[in-house]
4 protein chains.
Amino acid sequence: MKMAQRVEVHRVGCAGPGDLSEVARLIESGELKPREIIAVMGKTEGNGCVNDHTRDFAATQWCHLLAPHLDCSAQQVALQVALVMSGGTEGVLSPHFTIFSRRWEEVDDSASTAKRLVLGIAHTRDFLPEELGREAQIDATAQAVRDAMADAGITRNEEVHFVQIKCPLITSARLNAALQRGAVPMTHDTYESMAYSRGASALGVAVALGECDRAAIHDNEVLHNWQLFSARASASAGIELLGNVVIVLGEAAGALSPYRIGHTVMQDAVDAASVRRLLAHQLDLDVQAAEHGPAFAASRPQTANPHPASRLVNLLAKAEASPDGHVRGQRHTMLGDSDIQATRHARAAVGGVLASIVGQTALYVSGGAEHQGPPGGGPVAAIVRVNP
Amino acid sequence: MKMAQRVEVHRVGCAGPGDLSEVARLIESGELKPREIIAVMGKTEGNGCVNDHTRDFAATQWCHLLAPHLDCSAQQVALQVALVMSGGTEGVLSPHFTIFSRRWEEVDDSASTAKRLVLGIAHTRDFLPEELGREAQIDATAQAVRDAMADAGITRNEEVHFVQIKCPLITSARLNAALQRGAVPMTHDTYESMAYSRGASALGVAVALGECDRAAIHDNEVLHNWQLFSARASASAGIELLGNVVIVLGEAAGALSPYRIGHTVMQDAVDAASVRRLLAHQLDLDVQAAEHGPAFAASRPQTANPHPASRLVNLLAKAEASPDGHVRGQRHTMLGDSDIQATRHARAAVGGVLASIVGQTALYVSGGAEHQGPPGGGPVAAIVRVNP
Amino acid sequence: MKMAQRVEVHRVGCAGPGDLSEVARLIESGELKPREIIAVMGKTEGNGCVNDHTRDFAATQWCHLLAPHLDCSAQQVALQVALVMSGGTEGVLSPHFTIFSRRWEEVDDSASTAKRLVLGIAHTRDFLPEELGREAQIDATAQAVRDAMADAGITRNEEVHFVQIKCPLITSARLNAALQRGAVPMTHDTYESMAYSRGASALGVAVALGECDRAAIHDNEVLHNWQLFSARASASAGIELLGNVVIVLGEAAGALSPYRIGHTVMQDAVDAASVRRLLAHQLDLDVQAAEHGPAFAASRPQTANPHPASRLVNLLAKAEASPDGHVRGQRHTMLGDSDIQATRHARAAVGGVLASIVGQTALYVSGGAEHQGPPGGGPVAAIVRVNP
Amino acid sequence: MKMAQRVEVHRVGCAGPGDLSEVARLIESGELKPREIIAVMGKTEGNGCVNDHTRDFAATQWCHLLAPHLDCSAQQVALQVALVMSGGTEGVLSPHFTIFSRRWEEVDDSASTAKRLVLGIAHTRDFLPEELGREAQIDATAQAVRDAMADAGITRNEEVHFVQIKCPLITSARLNAALQRGAVPMTHDTYESMAYSRGASALGVAVALGECDRAAIHDNEVLHNWQLFSARASASAGIELLGNVVIVLGEAAGALSPYRIGHTVMQDAVDAASVRRLLAHQLDLDVQAAEHGPAFAASRPQTANPHPASRLVNLLAKAEASPDGHVRGQRHTMLGDSDIQATRHARAAVGGVLASIVGQTALYVSGGAEHQGPPGGGPVAAIVRVNP
């Protein structure tokens, strides 16, 4: 007899960033056990940039919802559950929460040793504003990735398929406090600080997973040397925390979860072919069926299960405006648009691409893919239910 | 001996809405003959909404460019050439101009009678603000469509594959003038007036092409009865004109143009399958080759020809946020976003979908598909070069 | 011996829409008694339009903060306390909450009978989407204003100086539900529904206060006949409620509150003169001192009291883009701006005007003044501390 | 007999960035002589940021309008006339052009020696992207200011009251070209490059006018040391040029112009008092009359002369969001707003403040006041007609 991990994944819609009524129903019905929840990855409908308070709002609502179940204060919930809210559901993207719960079960020695979904979480310490975007953040993140791999029961780098990080940004208030101390942050621009924080976090993942050589990375590579990247990192910056939260998603032999996970890299924002190959070849999904599946009637409840022919739970993807200003050799206008931030453009476009592949719009597409995949592209992971 | 039509199509990039340097080079080289240009369909990089002056700017530059060649004033150019500028290149979309030129050549009786691309243009009279979005605009548009079909040499409705219309909107100044006359426009909202004008124009196309019964259409169907639509209409509203300009694109037997055109309807914003079928089955395009084609280097000139494996000249498509607030049964947030207009979201998403199919981003994707295709979907036409 | 009303007003800053730390400190110190709070008027930093979730977020935080003090659930707090959150702090405006608390004290017959600040609150029933912007909303609002006057102890219309209303808007979801029932809302546009709801609410105030003749008002006057308006109404639309909440602010003889309130009407968005007259002549405030007061150091806590020379607690004002497209005969561009909603422009401009008069930026400036003051102008009330 | 300068100033409205119909009328009537025009300062209605093509559009229209009068090509007009288009008319601000024309007249020795308006212009060479925001731009600008002073006939620094500069920004295309050359621009962010270019230009003015010691300025002071500023510089960045254009406005004894000019500095965005003092004490304007003047009817032509009681021609002002995040000690939200750029907020607020002082909205308020006045404040100049 030994213990094996069983991960359950629920994808749940909402009517707004403060609406957890569907989650509450799952808890009441017993289908979702609050004490087993270890991570929530949400897409909320704000602008995904500096002043997107929908992330904070949703996280706060999760804390209020779970506190009585966890016998702790609302503030303490965030210490126990990795709450990663990513803002921005531009275009067809649909706001939703992906809820990961986990429990350990006894299995006997004859149990299957097939690879199945596992996950683990970890936190870094809080960062000072001047540490963001620099080696301090890179190293602390790399260590947290290793901690989360241990928590997940993953021992080999290649079993990691997606590392989700929530990282801080520099607000005006934090900037001024730092400047008064004589500190020199990487940038004075609040929006740009999000990019630095994401970039350094991604390089931390790359170091932990052996994708980049730590010795080759210095402060001035961040947001400059685009040859350095992780093919599995996904980082979202937000105003609601001061340290990094790390979620490692991967596979381990013998886990009991009824899911598999795989990953690929979109080479640019319109690279549907790579995603289709991931689904068809690595995860054995009938892509034709997924795409052609009958459209859901508008009146169908948002939380209904996806088309039965499709076993896809979610795609987890990063999107960005190609930093050289071109996609497939043709000029784009995302970087010079002072009305709509480039990350919003990128999520809308990549969200359309991915939704057209899988026939579903409640997808986790996060903007700003600095050092996350090649310039203009980004990592994509897919979680699929295994055939019974 | 008889006369046959030869249409040439150039797709040309630009560095900004006022940049026609590449067009000037084509003229200087003799490849493009100014006197043969009869229509230009541009995508310019403004917001595509009420205060998008990039449309007017681009149209003005075209007038200044062509005036000396046409021996007329800049103002008179717009009377001779159908200049349709559609604003909004959100996401991966790339600003560009599609230039249609036409000449008549003698052919002998043994010439091929294969169907090839033809086009024609027509104008309506100027409209009063209170006529926009109502039967007056519908009827005048229907007549102009018939006129443009005659100009194109098309006699049968099914030979029409795309009808592009540029139509007016109601500005604050026009609204106040109308109100002072005691007139009652369909709306007092400038942004909403664009939707009414596009909707009535599309219904005019539907009437002309026999897709809707004229007797069934009254003022109050416009923007209300979504069962009424044209599968071939594309309407863009703009501040720079007071009447409708109509461009009919179709096929006629015996034309000499080295292009074919076909059309389909996207059933919703992520319906890639319909477009792939159009390209593969109607137009004999190797979709796999197009999508997988090698990415162009960023340094490659924007006006370079597309991947040799692809013969696609352009896709002409309409995009809109589904009016019921859902795509494939899941909630979208485009209609309630007060920071980004819904048409901008829709272009970004559909632009991503289409670019991922054809591996090219200089596509004509226009926002606001009221009565143009089914609710949430829209017509798509493809122009492809025939194999020599 | 008889009972007299004492109203206390606290104006409190915040670091974000979810930050009530300063309020919590006031409660802990005993300066603010939770059970005496009857109304909160907040300015939160969202866009103030349809998808401004900062209003809902702030209101939710207030509910969680007060629930343990009121021995009720968070949801029930909103039934006891009038929480009016107005989004949008464009330009120099500073997010803050104005908290009204009230208690009744015994006074003997020799007490002063000077006029002092009083207030009262009331609620309407919930509205159906198709009732918004129509007579149903007007009449229910008028009755609620009368109820709130009674609650405030005000018997004469001229003693009312400001009526703040929070009213619902039509979301995409509510719209679709209504359409499926066969109902016909005033508009299908979510942003425009805010204007209809504010307009009808303001007309309800005008009827209750005798500023307009009820018999002269029909559905089709709403947002059309700008001659009908209240000089004392202020309405904010929000996603977080389905009925109107009404707060009446006025003066009554013998109240114990250490405040006076007065009102005026800005004739247009730059009419500083009217506000200066209100402060100097009605409320005996030294306007020169207020404006010239020494600038506060940036490091000074946001909640510090204003310049000692100024006794101003807050200005409560409505702002709008002049519907005829002109201010002082010169064209403005607010109504045709598809990147920034007109209400945001108007708040920024009027916020600048008012802050330059009183030397303070934490002002309650609310956008969208339909039937609230003359077209392009709006009511302004001032609350000032009486000299001891 | 000697020669004296006569400057004429016309302020002219427009219906859009491409509308010069009113200017054309002034030329046709003979009131404005094209060959005497030496500078135009326009406010156009774009976003005033990177992708504001209304500036380029307006400048292009001016070139096409003047070319036949100046017997040169449209491109050559910009070399003869200083065309400074500043984008952004947020809030109440009204788009308009201020046209400066100049001629030299013979005067006898008994002519008045009173100080009157004079102006001069100069150009720097084109800059490389990596020179923007650095000493190269500072020094070239300082020299151009001295050249423009000589052109204006001004010999003493204190006679200079306003220096308007139009300066370049870094586009994505220019950035990539620079990076490929191995150059290191100050920033990779197109929006931020506007701030660097404005800041260095302003420091160039400060050096030329003796407001800052050249030896104390190095590259790393730009956008960091806010103690260094000019009280008379106004810089606008735009996409349409590669070098700086400089316009010096001042006074000289014996000039024949019927105008005076003076300047002050707003200490923060709501400092109306400084402006009122400038008008009343330096320029002898009846501020009460200006503010209280009868409102113009909406129907009055936009180009009508201002209220007769007011002799104000225009205010020329810079506006910015205070970089410490506070105005008068209270938090503002302009710097963290990812939906509306901070410069737009600032123009809207300061535009409201100034319009409320002078009762007129066609004011030249330009955003981004880096090193132009103290942090959060900015220079303001006023041009007034002298009493006959």
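The values are calculated or read from the model by the stated rules, or taken from the named source; none is laboratory data. Remember, it's a predicted structure, so these values are computed and weren't measured experimentally. For neighbour counting, all protein chains shown are included, and Cβ atoms are generated from backbone atoms with ideal geometry for every residue, glycine included. To get the accessible areas, we keep the full protein, side chains included, count just its heavy atoms, and leave off ligands, DNA and RNA. Shrake-Rupley method; radii C 1.70, N 1.55, O 1.52, S 1.80 Å.
Computed values, structure above
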| read-out | value |
| --- | --- |
| Residue in region C:71-115 that is nearest to C:Ala39 (Cα to Cα), counting only those that are within 14 Å of chain D (Cβ to nearest Cβ) and of a type in the set (A, V, I, L, M, F, W, C) | C:Phe97 |
| Pair list, Cβ under 8 Å, 6 or more apart: region C:247-271 residue closer than 26 Å to C:Glu105 by Cβ, other residue among the hydroxyl-bearing types (Ser, Thr, Tyr) and open to solvent by 10 Å² or more (accessible area, probe 1.4 Å) | C:Ala253/C:Thr113; C:Gly254/C:Ser112; C:Gly254/C:Thr113 |
| Extreme residue, surrounded by the fewest Cβ atoms within 10 Å (Cβ to Cβ), among residues of region A:144-194 that are in contact (Cβ under 8 Å) with a residue 60 or more places away in the chain and in contact with a His (Cβ under 7 Å, 6 or more places away or on another chain) | A:His161 |
| Residues of region D:29-45 classified as open to solvent by 10 Å² or more (accessible area, probe 1.4 Å) and among the aliphatic types (A, V, I, L, M), total | 1 |
| Residue list for region C:168-206, restricted to those being among the charged types (D, E, K, R) and more than 9 Å from every other protein chain (Cβ to nearest Cβ) | C:Arg174, C:Arg181, C:Arg198 |
| Considering residues of region C:342-388 that are within 14 Å of chain B (Cβ to nearest Cβ) and in contact with a helix residue (DSSP H, G or I) (Cβ under 7 Å, 6 or more places away or on another chain) only, the residue surrounded by the most Cβ atoms within 10 Å (Cβ to Cβ) | C:His345 |
| Selection count where residues are under 24 Å from A:Glu192 (Cα atoms) and not aliphatic (A, V, I, L, M), scope region D:331-365 | 12 |
| Cβ pairs under 9 Å, 6+ apart, first in region C:350-366 and closer than 15 Å to D:Met334 by Cβ, second open to solvent by 10 Å² or more (accessible area, probe 1.4 Å) and among the charged types (D, E, K, R) | C:Ala355/D:Arg328; C:Thr361/D:Arg328; C:Thr361/D:Arg331; C:Ala362/C:Arg11; C:Ala362/D:Arg331 |
| Residue within region A:139-157 that is within 30 Å of A:Met266 (Cα to Cα), in contact with a helix residue (DSSP H, G or I) (Cβ under 7 Å, 6 or more places away or on another chain) and within 14 Å of another protein chain (Cβ to nearest Cβ) present | no |
| Residue match in region A:95-109 (condition: open to solvent by less than 10 Å² (accessible area, probe 1.4 Å) and in a loop (DSSP other than H, G, I, E, B)) | yes |
| Selection from region C:241-278 of residues that are more than 14 Å from every other protein chain (Cβ to nearest Cβ), under 24 Å from C:Gly352 (Cα atoms) and open to solvent by less than 10 Å² (accessible area, probe 1.4 Å) | C:Ile261, C:Gly262, C:Leu278 |
| Number of positions in region C:36-55 that are of a type outside the set (A, V, I, L, M) and more than 13 Å from chain B (Cβ to nearest Cβ) | 5 |
| Region B:195-215, residues that are in contact with a strand residue (DSSP E or B) (Cβ under 7 Å, 6 or more places away or on another chain) and among the hydroxyl-bearing types (Ser, Thr, Tyr) | B:Ser197, B:Ser201 |
| Qualifying residue in region A:207-229 (condition: among the basic types (Lys, Arg) and either facing chain D (nearest Cβ under 10 Å) or buried (at least 19 other Cβ atoms within 10 Å of the Cβ) (or both)) | no |
| Odd one out for D:Gly133 among (1) away from chain A (no Cβ under 14 Å); (2) modelled with pLDDT of 95 or more | (1) |
| Filtered residues of region C:230-240 (kept if assigned to a strand (DSSP E or B) and within 14 Å of chain A (Cβ to nearest Cβ)) | C:Gly238 |
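One line per residue, one yes/no per condition, for (1) open to solvent by less than 20 Å² (accessible area, probe 1.4 Å); (2) modelled with pLDDT under 95; (3) within 7 Å of chain C (Cβ to nearest Cβ):
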site: D:Ala280; (1), (2), (3): no, yes, no
site: D:Asp284; (1), (2), (3): no, yes, no
site: D:Glu291; (1), (2), (3): yes, yes, yes
site: D:Ala297; (1), (2), (3): no, yes, yes
site: D:His307; (1), (2), (3): no, yes, no
site: D:Arg311; (1), (2), (3): no, yes, no
site: D:Lys318; (1), (2), (3): yes, no, no
site: D:His332; (1), (2), (3): yes, no, yes
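So that you can scan it fast, the table gives a plain yes or no per residue for (1) touching a strand residue (DSSP E or B) at 6+ places or on another chain (Cβ under 6 Å); (2) surrounded by 15 or more Cβ atoms within 10 Å (Cβ to Cβ); (3) assigned to a helix (DSSP H, G or I):
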| residue | (1), (2), (3) |
| --- | --- |
| A:His10 | yes, yes, no |
| A:Ala24 | no, no, yes |
| A:Ile27 | no, yes, yes |
| A:Asn47 | no, yes, no |
| A:Trp62 | yes, yes, yes |
| A:Ala78 | no, yes, yes |
| A:Met85 | yes, yes, no |
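Residue-wise test of (1) among the acidic types (Asp, Glu); (2) modelled with pLDDT under 95; (3) more than 17 Å from C:Tyr196 (Cβ to Cβ); (4) part of a helix (DSSP H, G or I).
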position	(1), (2), (3), (4)
C:Ile138	no, no, no, yes
C:Gln143	no, no, yes, yes
C:Ala148	no, no, yes, yes
C:Asp151	yes, no, yes, yes
C:Thr155	no, yes, yes, no
C:Phe162	no, no, yes, no
C:Ile170	no, yes, no, no
C:Ala173	no, yes, yes, yes
